[in-house]
There are 4 protein chains.
Amino acid sequence: MIRIIVTGGTFDKTYDEIRGVLSFEDTHLPEMLRLGRSCVEVRMQTLMMLDSLEMTDADRELIVRHCVLSPETRIVITHGTDTMVETARIIAAGVQGKTVVLTGAMIPYAFGSSDGLFNLGSALSFAQVLPAGVYVAMNGQHFEWNRVRKNRATGVFEGI
Amino acid sequence: MIRIIVTGGTFDKTYDEIRGVLSFEDTHLPEMLRLGRSCVEVRMQTLMMLDSLEMTDADRELIVRHCVLSPETRIVITHGTDTMVETARIIAAGVQGKTVVLTGAMIPYAFGSSDGLFNLGSALSFAQVLPAGVYVAMNGQHFEWNRVRKNRATGVFEGI
Amino acid sequence: MIRIIVTGGTFDKTYDEIRGVLSFEDTHLPEMLRLGRSCVEVRMQTLMMLDSLEMTDADRELIVRHCVLSPETRIVITHGTDTMVETARIIAAGVQGKTVVLTGAMIPYAFGSSDGLFNLGSALSFAQVLPAGVYVAMNGQHFEWNRVRKNRATGVFEGI
Amino acid sequence: MIRIIVTGGTFDKTYDEIRGVLSFEDTHLPEMLRLGRSCVEVRMQTLMMLDSLEMTDADRELIVRHCVLSPETRIVITHGTDTMVETARIIAAGVQGKTVVLTGAMIPYAFGSSDGLFNLGSALSFAQVLPAGVYVAMNGQHFEWNRVRKNRATGVFEGI
């Protein structure tokens, strides 16, 4: 059983056709799992719906608390890419004995050309087999929380 | 470095608009990896383009041979779902010391609603972390070659 | 008010993931009209769900009868492309005083890359403004029923 | 022969994955015409790439001038929906003897769920058969320039 914690990010951005802007509505995760014909047993919760640039310390503490309290020891967190590494660091400081995998998307899932479905398949898979620790799963790869950064110029996560 | 061996299957079926039938053209794998913004180093080869119901013993021997000869020890094989388990069994008999992950799709990638991108993200991830062995990665899960079957009624791979 | 008569064709082909073949389920027309944010008042009926190569004289007579009986004088018919011109000829012989526009698709709507939505927007528009007559609307163009053929080699409808 | 004048609008908005915002790059019109298998002879020009809320009087004069100078007497203009009616009014004041059809989209074409392809098929079709005049083609319908408004609450164009 895997816990999925939704926090927003590009993953779940949608186009508000009345206002002509990107916004958040409900998460696309259930639809994505259905599309992927996923049979992984999951328990999903939407904790917040934020652009990760707007995430505060309090938001991160809330994420940590939910990781700690989760009876499931394997956790996937969907998260904006801009501060994913920072959140991973806070989680690593507060959560022990669990496998936590953060993932996100460069393109909203609602766009036809999103990387979201690929990343979700990847993150769910890593979460099932990696030992306890905090990881970022992006670009088909996984990184330990303290060995990764997002290259802002290319949009790619790379090892450090 | 991961070797990707393309053998066809629903994954790569495309719609031939002149003849009005499903057929094979080039593999969609490069486009899918680009869409997933994959940074996994891969070496890709198209070995055949077959509906897996038409795959012969000779075809399977060819797959085994390429697994054995591959300098990469981690291999992903895209394959039709109908006989994926049978091919996994043949590979398990002929290949040692390598991590081989077979995956496929229930819906062609060219269809908007395909599970292919999810499965590819999943298979590439499992292939990076699982120990040597032969596995099927479908529905977000992985199975050892001798512990899985495809449920023909539901289209889902399940453990046995 | 426009009558839409659904007869099947590539337009409505869907992928049967259990059997791995193209087949028909329900028509995609309502979803397509919703996607196009269409505000055209329509009355829709699914008369048959056929590959147009399998359409019989009796099927065509049924289509004619429904055109004749339709209280709406503007009619759009979705139809397989292979025998669209033949059906148009039969309708022209049996229906007077109405604007009948046949359209279809080269690629199933369920495929991401379908021409169906473009063709539907086109056919609905032609049906609103063309004078009484029987027309084929494909490739963004419209043709009178006796001045068009499908080029089997290119898949394009062309004037004769 | 139809002249297509591209001015931007939601139609052509794309997602800038590095900056995480909606922006403009090249127009999607050529790809859309290819997808629609359009055989309508067109001459296309990108005049500007603007959100229509940012369109100035000078921009509108430029559009008028290009309509006047166009040797083609049938013109389709892609345009943001917010001020489409206003631009239509300016064109009506400055252009005589030509059929000018403005269209746009509520959802960017790059989104999988766009109405753009439907609207393009519709606008191209209306442009081929309507008499000289200035029209808005949205929601599968066409309106004379002085008989339409955009309902901001519903996002739908309606007759007045």
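Every number here is computed from the coordinates shown, using simple stated rules; none is lab data. These figures come from a predicted structure and were not determined experimentally. With ideal geometry, Cβ positions are generated from the backbone for all residues, glycine too; neighbour counts draw on all protein chains shown.
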Over chain C: helical MRE at 222 nm, DSSP H runs n ≥ 4 each giving -39500 (n - 2.57), nearest 500
-8500 deg cm²/dmol
The stretch B:14-81: relative contact order as a whole-number percent, Cα under 8 Å and 6+ apart:
25
Chain B, relative contact order in percent, only Cα pairs under 8 angstrom and at least six apart counted:
24
State, to one decimal in nm and shortest first, how far the label point of residue A:1 sits from each corresponding label point in the other identical copies (label point: 7 angstrom along Cα-to-Cβ).
4.4, 5.5, 7.0
Under the Karplus relation with 6.51, -1.76 and 1.60 and θ = phi - 60°, whole-Hz ³J(HN,Hα) for the stretch D:127-133, x at Gly and Pro, equal 5, 7, 10, 6, x, 3, x
Checking D:34, D:149, D:43 against a Gaussian network model of chain D (alpha-carbon springs below 10 Å), the top fluctuating residue turns out to be D:34
So, in Å, what gap is there between the alpha-carbon centers of the stretch C:69-139 and the stretch B:1-40?
33
Shielding of B:105-115 by other chains, given as the mean Cβ count within 10 Å, works out to 6
Candidates B:79, B:142, B:28: whichever shows maximal mean-square fluctuation once chain B is modelled as a Gaussian network with Cα springs under 10 Å:
B:28
Would you work out if the stretch B:105-160 is rounded, prolate or oblate? Take a ≥ b ≥ c from the square roots of the eigenvalues of the alpha-carbon gyration tensor; rounded if a/c is under 1.5, else prolate when a/b is larger than b/c, oblate otherwise.
oblate
From the phi angles alone, apply the Karplus equation (6.51, -1.76, 1.60; θ = phi - 60°) to the stretch B:50-62 and give each ³J(HN,Hα) in whole Hz, x where the residue is Gly or Pro.
10, 5, 5, 5, 9, 6, 9, 4, 5, 4, 5, 5, 4
Counting DSSP beta bridges in the stretch C:1-65, what percent are antiparallel, to the nearest 5?
40
Size of electric dipole in chain A: Cβ of Lys, Arg +1 and of Asp, Glu -1, about Cα centre, debye, nearest 20:
520
Which net charge results for the neighbourhood of residue B:1, defined as the other residues with beta-carbon distances under 15 angstrom from its beta-carbon, given Lys and Arg at +1 and Asp and Glu at -1?
+2
Shielding of B:19-26 by partners, i.e. mean partner chain Cβ atoms within 10 Å per residue?
3
Other chains near A:130-142: what is the mean number of their Cβ atoms within 10 Å of each residue's Cβ?
3
homo-copy label distances at residue C:89 (7 angstrom along Cα-Cβ), nm, one dp, ascending, are 5.3, 5.5, 7.5
In whole Hz, what ³J(HN,Hα) sequence does the stretch C:19-32 give by Karplus (6.51, -1.76, 1.60; θ = phi - 60°), x for Gly and Pro?
8, x, 9, 7, 8, 10, 10, 6, 5, 8, 3, x, 5, 5
Cβ crowding within 10 Å averaged over residues, with A:86-96, B:97-107 ranked highest first
B:97-107, A:86-96
Looking at chain B, send over the antiparallel percent of its DSSP beta bridges, to the nearest 5.
40
Shape of the protein assembly as shown, Cα gyration tensor, a/c cut at 1.5
oblate
Non-local residues with an amide H under 5 Å from the amide H of residue C:155, with H modelled 1.01 Å from N and Pro and chain starts lacking one, are none
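Between residue B:149 and residue B:39, 0.36 nm times their residue separation minus their Cα-Cα distance comes to what?
36.5 nm
Among the listed pairs C:150/D:150; C:98/C:150; D:13/D:150; B:98/B:150, which are separated by more than 28 Å between their Cα atoms?
C:150/D:150, as the Cα separations exceed 28 Å there.
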Sorted from shortest, what are the nm distances separating the label point of residue D:43 from equivalent points in the other copies, each placed 7 Å from Cα along Cα to C-beta?
4.5, 5.4, 6.7
Everything considered on the Cα gyration tensor (a ≥ b ≥ c; rounded for a/c under 1.5, else prolate if a/b is larger than b/c, else oblate), chain A must be described as rounded
Residues with amide H under 5 Å of residue B:102's amide H, sequence separation 5 or more or different chain, H placed in the peptide plane at 1.01 Å from N; which?
B:77, B:135, B:136, B:137
